[in-house]
1. Taking R0 as 22 Å, what FRET efficiency do you get between residue 175 and residue 125 from their Cβ-Cβ distance, rounded to the nearest 0.05?
2. Step by step: find N for the chain, compute 2.2 N^0.38 Å, then divide the Cα radius of gyration by it. What's the final number?
3. Where does helix 20-32 land angle-wise versus the long Cα axis of the chain, in degrees 0 to 90, nearest 10?
4. Restricting to the chain, what percent of DSSP beta bridges are antiparallel, rounded to 5?
5. What is the angle, in °, between the Cα long axis of helix 166-179 and the longest principal axis of the Cα atoms in the chain? Nearest 10 is fine, range 0 to 90.
6. Can you sort 146, 116, 132 so the residue with the fewest Cβ neighbours within 10 Å comes first?
7. What distance in nm lies between label points placed 7 Å from Cα along the C-beta direction at residue 69 and residue 167?
8. How do 93, 175, 19 rank when sorted from fewest to most other Cβ atoms within 10 Å of their own Cβ?
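Only the coordinates and a few stated rules stand behind these numbers; no lab work does. Since the model is a prediction, treat every value here as computed from it, not as a measurement. Please note: Cβ atoms are built from the backbone with ideal geometry, for glycine as well, and neighbour counts cover all protein chains shown.
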């Protein structure tokens, strides 16, 4: 990766049922780029991965959600897997954690079913994004502009469709995390039309 993430602290939020490669590949890419990447989960111990429908390996949790302060992180990764985001959506503390990143305009990277939690956190309205095909209607109904592309970047939000997109996903994720907080981008996008000069006193 061209960009370095030294000094950046990134949360990877997941629970049992995450798609194995969609957590492990981004986690490895972040750490190789110099980031302090932590697996955050509702409980401590380990969480169970899946390879599509089959059980995969367990991954150790670096920090229980109750001990994770969203303000201490520079970015957020939301892996997919059908069970994982569906379980997270049922936990108010998980949605509050995600919402903190949305409101602070910190970069977020979500792949496959990962964007599901962004709907509950109010993070998809007016955003151009992609996901696993089955989320298209959910995201569109929540106000997103859904597109079928390998990777989509919209004001610090990086989304991809499936494990086959991981190379592009990880590359754009690193770029956005290196760039950092996107405060003010939305304001600039809405004010592309020059404003009238102030009246002469």
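1. My answer for the efficiency is 0.40.
2. Dividing the Cα radius of gyration by 2.2 N^0.38 Å gives 1.03.
3. Roughly 60 degrees, rounded to the nearest 10.
4. 30 percent
5. 50 degrees
6. 132, 146, 116
7. Placing both labels 7 Å beyond Cα along the Cβ direction yields 4.1 nm.
8. Going from sparsest to densest Cβ surroundings: 93, 175, 19.
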